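Okay, structure first, notes after.
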Amino acid sequence: MTYRIAVIGGDGIGPEVTAEALKVVRATGIDLATTDFDLGGARYLRDGEILSDATLDELRGFDAILLGAVGTPDVPPGVIERGLLLKMRFELDLYVNQRPFVGRDHDFVVIRENTEGPYAGEGGALRRGTQHEVATQGSVNTRMGVERCVRYAFELARSRPRRHLTLVHKTNVLTFAGDLWQRTFDEVAAEFSDVTTAYNHVDAACIYFVQDPQRYDVIVTDNLFGDILTDLGGAVSGGIGLASSANLNPARTGPSMFEPVHGSAPDIVGTGTADPTAAILSAALMLDFLGQSDAADRVRAACAEPVSGSTTHVGDTVAARVAG
Ligand code: IPM
Ligand code: MN
């Protein structure tokens with residue numbers, strides 16, 4: 001079987017790490033037909049395209065999307081993030097953002113809601129630039145959106161040996177959204193009597209991530225809390241250079257998207273020093289989702305022993321181990 005993969009190398013180190021990830025996937029023997037999409041900040045600066053509806057429709061026809069990194073300092077914040085990355089997450093309904101973290105003493109997965117919360121873009125500005133300026137930024141939480149994410153997290157927890165799921169929120173302050181999350185979590189929990197549960201406020205979770213990460217198995221949380229927590233997760237699990245992620249449409253009404261958590265790192269572009277491991281591990285998540293878990297496990301095993309050296313050296317070494 002040949003998988004049709006849309007490749008968005010993007011900006012900065014994105015294309016460099018994506019090339020290594022594809023090299024490693026090919027070393028598993030799995031057949032990929034890739035199509036490159038020139039998207040990101042550089043493309044936007046060249047001809048103004050961010051992500052047209054026609055390109056989006058083209059992306060819908062693929063089995064998966066592999067993304068490197070998008071964004072450049074030459075474009076104001078938000079333009080590429082909202083217009084490209086978040087547009088794909090929203091329009092392709094990639095409602096689960098799954099980020100695994102494995103360290104010496106811990107092994108947990110964060111399930112971040114990926115289509116709502118403060119990312120929905122509710123709000124606006126009034127009298128901008130004056131002394132009377134007002135800016136509001138709302139958080140959208142729907143029963144449907146929360147429930148499908150929570151349900152996915154329970155299913156994942158059920159499939160893991162520890163069968164433990166922690167809800168992370170800020171129910172003591174965000175009482176409206178928190179109440180919806182907590183009630184939904186409790187109601188779905190009743191259907192999963194084999195999964196034990198816990199609740200942590202997000203500020204406390206930050207302490208536990210650093211001091212006691214072994215308490216976690218699966219975590220489910222809101223979009224913004226999940227964004228912040230997963231950078232911390234990367235920092236306590238060998239660094240952001242190892243942090244992989246999957247933007248999933250578990251209903252499979254379209255392709256899912258796989259990307260390293262790190263950004264485009266314009267300061268090191270072209271130096272050959274970018275660590276491709278996060279991109280390689282993101283490709284492993286893609287293999288899992290395509291039903292190729294054996295190949296995915298081989299890729300992860302090949303990354304277990306650290307490799308030092310240039311971007312291409314790391315890719316070559318991991319690919320050789322996979323093929324070996
Ligand atoms: C991430 C990134 C994105 C996010 C940015 C680039 C919009 O930080 O994938 O974690 O905030 O979701
Ligand atoms: Mn982030």
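The values are calculated or read from the model by the stated rules, or taken from the named source; none is laboratory data. In this text the structure is predicted, and so the values were computed from the model without any measurement. Heads up, the Cβs are rebuilt from the backbone with ideal geometry, glycines too, and the neighbour counts pull from every protein chain shown. All accessible areas refer to the heavy atoms of the entire protein, side chains included, with ligands and DNA or RNA removed. Shrake-Rupley method; radii C 1.70, N 1.55, O 1.52, S 1.80 Å.
Is it the case that Gly324 is among the small types (Gly, Ala, Ser), surrounded by fewer than 19 Cβ atoms within 10 Å (Cβ to Cβ) and in contact with a Ser or Thr (Cβ under 7 Å, 6 or more places away or on another chain)? No; evaluated as a whole, the condition is false for this residue. Candidates are the residues of segment 253-276 that are open to solvent by less than 10 Å² (accessible area, probe 1.4 Å) and more than 12 Å from the chain's Cα centre (by Cα); the one that is nearest to Ile13 (Cα to Cα) is Ala274. For segment 217-229, the count of residues that are under 17 Å from Gln98 (Cβ atoms), in the same structural domain as Arg148 (by TED's automatic domain parsing) and open to solvent by 80 Å² or more (accessible area, probe 1.4 Å) is nonzero. Here Ser264 does not qualify as small (Gly, Ala, Ser) and more than 13 Å from ligand 2 (Cβ to nearest atom). Exactly one residue among Pro250, Pro306 is assigned to a loop (DSSP other than H, G, I, E, B) and either within 16 Å of ligand 2 (Cβ to nearest atom) or open to solvent by 60 Å² or more (accessible area, probe 1.4 Å) (or both), and that residue is Pro306.
Taken together, Val195, Val150 contain a single residue that is of a type in the set (A, V, I, L, M, F, W, C), more than 15 Å from Val110 (Cα to Cα) and surrounded by 12 or more Cβ atoms within 10 Å (Cβ to Cβ), which is Val195. Quick check: is even one residue across segment 206-228 over 30 Å from Pro276 (Cα atoms), outside any helix (DSSP H, G or I) and not acidic (Asp, Glu)? No, segment 206-228 has no match at all.
The set of residues in segment 126-145 that are on the phi > 0 side of the Ramachandran plot and open to solvent by less than 80 Å² (accessible area, probe 1.4 Å) contains only Gly129. Restricting attention to segment 227-247 and to residues that are without any contact (Cβ under 8 Å) to a residue 40 or more places away in the chain and within 13 Å of ligand 2 (Cβ to nearest atom), the residue that is farthest from the chain's Cα centre (by Cα) turns out to be Ala235. When restricted to residues that are part of a helix (DSSP H, G or I) and open to solvent by less than 50 Å² (accessible area, probe 1.4 Å), segment 44-80 contains 5.
Can you find a residue that is assigned to a strand (DSSP E or B) and within 16 Å of ligand 1 (Cβ to nearest atom) anywhere in segment 135-142? Taking every residue of segment 135-142 in turn, at least one turns out to be assigned to a strand (DSSP E or B) and within 16 Å of ligand 1 (Cβ to nearest atom). Scanning segment 277-291 for residues that are open to solvent by less than 10 Å² (accessible area, probe 1.4 Å) and at positive phi yields a count of 0.
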